[in-house]
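Peer 1: Could you have a look at this structure, given as structure tokens, before my questions?
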Amino acid sequence: MDSDQPRAVTVHREQAGLFENRYEQYERDPFYDSFTYSRRKLEQVLGHYLDALPDGAKLLDVGCGTGDLLRRLGGRFVLSGCDPADEMIERARAANPGAFLTAASAEALPFEDDHFDVVLLIEVVRYLDDPAPALRELARVLRPGGVALVTFAPRFTTTAYPLVNAITGRVRVPGMTDVRQHFHTARGAERLLADAGFAHVEVNARYFGPFIYLNRISRPTASAALRSWEPMDDRLARVRSIRNVANLFVAAAWTPATSTTS
């Protein structure tokens, strides 16, 4: 395990209650702040791919956190999840009594080969110095033709967050979490997934603009701005040439139609 990951796990364990509150706020109003809006844009992309799967498909959420997403998906899929933080798993179990949930890291998934129809890896890669082992594990546990849905943090985002994260990793800034994160280009994300064994990759860019800073100045103003901004935001998402300045990448990657593990 890379030296950054224990710190990230500790922070997420400490913030389990905060994440639960954020997801509850998201369900009440997806335009509440920059976090809930980013979640809206993420889940719109996830829905596009998940809607194509049949009822009863086997879904694994790697880094499932408090199990909020699993709970909302529970009506359609056979659910499994894992997270390295025990506090997260306890909350996820309470929210998803019918799911199989266990403590595990993305680099060592306790599941058999060729088992799942879809695997999610949401907001995990940004904490991995080397995401290759985790991505190979996703490919291993997916059935032939299965799909992985993976988020990446863009390197050239208009928020300039990679620079902010580098600074907060060296200087303590009040209100900022000092966890080192890792950032990628769209092409870099494609290469990582291809090298992990995926046969076809689509990288979706979503959520443009530095609204996280407006959110810190005035949450209500940011909320109103995001609501007005969304139509333009969706148009920008269709312009491939500017995808590297988005705030979020959501990659869909399919395993080869024939198993390579047999």
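Just so it is clear, none of the values below were taken in a lab; they were calculated from the coordinates. All values reported here derive from a predicted model rather than from experimental measurement. Note that we place each Cβ from the backbone using ideal geometry, even for glycine, and neighbour counts take in every protein chain shown.
Peer 1: Over the chain, calculate the relative contact order: mean separation of alpha carbon pairs under 8 Å at least 6 apart, over the residue count, as a percent.
Peer 2: Reported as a whole number, the value is 21 percent.
Peer 1: Taking the Cα centre of the stretch 221-262 as origin, sum charge times position over the Cβ atoms of Lys and Arg (+1) and Asp and Glu (-1), and report the length of that vector in debye to the nearest 20.
Peer 2: 120
Peer 1: Now for a different question. Nothing charged except the Cβ atoms of Lys and Arg (+1) and of Asp and Glu (-1): what's the magnitude of the dipole of the stretch 4-254 about its Cα centre? Round to the nearest 20 debye. Before the final figure, lay out the partial values.
Peer 2: Details: 31 positive and 32 negative charges, 190 e Å.
With Lys and Arg at +1 and Asp and Glu at -1, about 920 debye.
Peer 1: Please give, to one decimal in nm, the separation of the simple spin-label points placed at residue 195 and residue 219, each 7 Å out from Cα toward the Cβ.
Peer 2: Each label point is offset 7 Å from its Cα along the Cβ direction, giving 4.1 nm.
Peer 1: Run the numbers for residue 35 and residue 163: contour at 0.36 nm per residue of separation, minus the present Cα-Cα distance, in nm.
Peer 2: 44.2 nm
Peer 1: Note down the nm distance, to one decimal, between modelled labels 7 Å out along Cα→Cβ at residue 48 and at residue 239.
Peer 2: Going by the 7 Å Cα→Cβ label model, 1.7 nm.
Peer 1: Taking only Cα atoms, what is the 0 to 90° angle, nearest 10, from helix 86-95's long axis to the longest principal axis of the chain?
Peer 2: For 86-95 against the chain, the angle is about 80 degrees.
Peer 1: What 222 nm value per residue comes from the helices of the chain, counting each DSSP H run with n ≥ 4 as -39,500 (n - 2.57) and dividing by all residues, nearest 500 deg cm²/dmol?
Peer 2: -12500 deg cm²/dmol
Peer 1: Next question. Provide the percentage of antiparallel DSSP beta bridges, counting only those with both residues in the stretch 4-254; round to the nearest 5.
Peer 2: About 40 percent, rounded to the nearest 5.
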